[in-house]
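Data block below; observations after.
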Amino acid sequence: MAGMSSWRSSATTERLAVARVLGAKGLAGSLRIEALTDHPERLAAGESIWIEDEAAPRAILEAGWGGRVPILRLEGISDRAAAERLVGRYLEAPANPLPPDTYYWHQLIGLAAFDEAGSELGQVVEVFRAGENEVYRIEGASGELLVPALRDVVRSINLGSGRIVVRYEAEEV
């Protein structure tokens, strides 16, 4: 249901976080990163990437591995001090188009959730992975509801109307 997405989007929603800077590596401005994408080709040498909140992209000059952690060297980051200033920042890339009926996680946050009878259950406040499946966390007047992102449970998603309909039966107490 939801698509291969990193969990943080840029303020523009046109770009998605594909990595987070963990630290500097060496003296030449290389960055140790945590990859946050299902598409590692976005982090290859020659690709363009944005540092969060920057308007202009930077070229990835080199990409490799430093032990277990990916290492990038970006255009304009040429010394350790410049790399250290980026620790904790996100690296972003344009959102890839998704197949029909799949969504980036950030598109689902804030949708009003209803059961099949039309009763409001609350609002989608989080999407996360639990094993092989994604789960939508809905908060409403009656508390928290965790909904597995399965076709027989999630009946419809309509971004235009801001609604998600789920098969839900309240438990009798």
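The residue that is surrounded by the most Cβ atoms within 10 Å (Cβ to Cβ), among those in the range 68-77 that are under 16 Å from I49 (Cα atoms) and not charged (D, E, K, R), is L72. Scanning the range 121-137 for residues that are farther than 14 Å from H106 by Cα and touching a strand residue (DSSP E or B) at 6+ places or on another chain (Cβ under 6 Å) yields a total of 3. Being crowded, with 16+ Cβ neighbours inside 10 Å, hydroxyl-bearing (S, T, Y) and touching a residue at least 12 places away in the same chain (Cβ under 8 Å): is that true of S30 here? In short, yes. Of the residues making up the range 44-56, one or more are open to solvent by 30 Å² or more (accessible area, probe 1.4 Å), at positive phi and touching a Ser or Thr at 6+ places or on another chain (Cβ under 9 Å). Checked across the range 114-122, the condition of being among the aliphatic types (A, V, I, L, M) and either in contact with a His (Cβ under 6 Å, 6 or more places away or on another chain) or not in a strand (DSSP E or B) (or both) holds for at least one residue. Could you tell me whether N96 is of a type outside the set (G, A, S), out of contact with any helix residue (DSSP H, G or I) (no Cβ under 6 Å at 6 or more places or on another chain) and within 24 Å of R20 (Cα to Cα)? The answer is yes for N96.
Residues in the range 34-57 that are under 14 Å from A19 (Cα atoms) and either in contact with a Leu (Cβ under 8 Å, 6 or more places away or on another chain) or among the polar types (S, T, N, Q) (or both): E34, A35, T37, L43, S48, I49, W50, I51, E52. Restricting attention to the range 96-130, the residues that are under 30 Å from I51 (Cα atoms) and either surrounded by fewer than 20 Cβ atoms within 10 Å (Cβ to Cβ) or of a type in the set (S, T, N, Q) (or both) add up to 17. Entry remark, the range 99-126: residues being among the hydroxyl-bearing types (S, T, Y) and out of contact with any Leu (no Cβ under 8 Å at 6 or more places or on another chain) number 2 in total. Annotation note: of E144, E134, the sole residue that is open to solvent by 60 Å² or more (accessible area, probe 1.4 Å) and of a type in the set (D, E) is E144. One residue is enough: does the range 147-165 have a residue meeting the conditions open to solvent by 70 Å² or more (accessible area, probe 1.4 Å), more than 27 Å from L98 (Cα to Cα) and either outside any strand (DSSP E or B) or touching a residue at least 12 places away in the same chain (Cβ under 8 Å) (or both)? No, there is no match, as no residue in the range 147-165 is open to solvent by 70 Å² or more (accessible area, probe 1.4 Å), more than 27 Å from L98 (Cα to Cα) and either outside any strand (DSSP E or B) or touching a residue at least 12 places away in the same chain (Cβ under 8 Å) (or both). For the range 56-105, filtered to residues that are assigned to a strand (DSSP E or B) and hydroxyl-bearing (S, T, Y), the residue that is nearest to R15 (Cα to Cα) is Y90.
The values are calculated or read from the model by the stated rules, or taken from the named source; none is laboratory data. Note that the coordinates shown come from a computational prediction; the quantities given were computed from them, not determined experimentally. Positions of Cβ are generated from backbone atoms using ideal geometry, with glycine treated the same way; all protein chains shown enter the neighbour counts. SASA here: full protein model, heavy atoms, side chains in, ligands and nucleic acids out. Shrake-Rupley method; radii C 1.70, N 1.55, O 1.52, S 1.80 Å.
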